[in-house]
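S.K.: Here it is: the structure, laid out below.
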Amino acid sequence: DVKVTQSSRYLVKRTGEKVFLECVQDMDHENMFWYRQDPGLGLRLIYFSYDVKMKEKGDIPEGYSVSREKKERFSLILESASTNQTSMYLCASSLIYPGTGTYEQYFGPGTRLTVT
Amino acid sequence: RKEVEQDPGPFNVPEGATVAFNCTYSNSASQSFFWYRQDCRKEPKLLMSVYSSGNEDGRFTAQLNRASQYISLLIRDSKLSDSATYLCVVNSNTGFQKLVFGTGTRLLVSP
């Protein structure tokens with residue numbers, strides 16, 4: 001059973017703090033993703049990584065950075081947290097089904113971050 | 001225009017009813033389509049992939065209409081446990097697994 005875990009379910013930080021969100025997957029997946037989910041806007045891709053030390057910007061990378069030093073771990077960093085970064089953050093990793101080209105993204109339980 | 005559009009609902013239906021959701025997408029080059037289910041305060045989970053020929057999984061049927069660029073999900077014999085938000089998801093066809101999520105359609109099944 002695929003397991004994606006995130007370091008915290010709830011987090012409260014102050015404006016200007018540096019925030020680290022950790023994500024770990026146990027299925028040896030190559031690809032990992034960070035999204036944020038906001039009411040009325042759905043899930044939006046922040047960053048993704050297709051290999052160790054590789055990263056690509058998603059649709060809304062501003063104010064965020066990522067780190068992938070090990071295959072199983074993908075970290076999201078808010079360099080200087082702001083109130084507009086209050087959101088639900090979801091990490092995902094993906095599996096491609098051989099021979100079909102179809103793939104499934106498995107999500108972690110999410111971290112609800114509040115920046116005050 | 002959003003890349004993936006869904007009616008947010010909520011759709012309120014009684015147990016046993018049949019309900020259908022549609023979703024439209026704007027990128028005609030998209031190749032992969034999915035329905036994800038998200039329960040309240042939980043993470044999204046894959047419900048089913050959507051294939052060109054249509055596919056069925058128990059009470060759930062998904063259809064793809066490439067000409068009109070829409071995807072549908074039909075749920076037959078609704079159960080209370082089907083209450084959730086259903087997310088329409090399309091790949092962005094950038095050569096990578098970049099998925100674009102709709103904002104979801106909320107379904108409420110009542111006794």
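The values are calculated or read from the model by the stated rules, or taken from the named source; none is laboratory data. Predicted, not measured: the structure shown is a model, and the values here were computed from it. Cβ: placed from backbone, ideal geometry, glycine included. Neighbour counts: every protein chain shown.
S.K.: Tell me which of these B:Ser83 doesn't satisfy, since it passes every other one: (1) within 10 Å of the chain's Cα centre (by Cα); (2) at pLDDT 95 or above.
M.R.: (1)
S.K.: Looking at the range A:6-40 only, could you name the residues that are outside any strand (DSSP E or B) and not charged (D, E, K, R)?
M.R.: Passing the criteria: A:Ser7, A:Ser8, A:Thr15, A:Gly16, A:Met27, A:His29, A:Pro39, A:Gly40.
S.K.: Still on this model: Select, from A:Gly110, A:Gly16, the only residue that is of a type outside the set (Val, Ile, Thr) and more than 15 Å from the chain's Cα centre (by Cα).
M.R.: Criteria check complete, one pass: A:Gly16.
S.K.: Considering only residues that are part of a loop (DSSP other than H, G, I, E, B), under 22 Å from B:Met48 (Cβ atoms) and among the hydroxyl-bearing types (Ser, Thr, Tyr), look in the range A:57-116 and name the one that is nearest to the other protein chains (Cβ to nearest Cβ).
M.R.: A:Thr102
S.K.: Of B:Arg41, B:Arg37, B:Arg106, which residue is among the basic types (Lys, Arg) and assigned to a loop (DSSP other than H, G, I, E, B)?
M.R.: Of the residues listed, the single one that is among the basic types (Lys, Arg) and assigned to a loop (DSSP other than H, G, I, E, B) is B:Arg41.
Rundown of residues vs (1) within 12 Å of another protein chain (Cβ to nearest Cβ); (2) more than 22 Å from A:Val115 (Cα to Cα), yes/no style:
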position	(1), (2)
A:Val12	no, no
A:Thr15	no, no
A:Tyr35	yes, no
A:Gly42	yes, no
A:Ser49	yes, yes
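S.K.: Can you tell me which condition A:Phe74 does not meet? The list is (1) surrounded by fewer than 16 Cβ atoms within 10 Å (Cβ to Cβ); (2) more than 21 Å from B:Asn91 (Cα to Cα); (3) touching a strand residue (DSSP E or B) at 6+ places or on another chain (Cβ under 8 Å); (4) of a type outside the set (Lys, Arg), and all the others hold.
M.R.: The one condition A:Phe74 does not meet is (1).
S.K.: I would also like to ask the following. Filtering the range B:6-39 down to residues that are hydrophobic (A, V, I, L, M, F, W, C) and closer than 22 Å to B:Asn91 by Cβ, which residue is nearest to the other protein chains (Cβ to nearest Cβ)?
M.R.: B:Phe34
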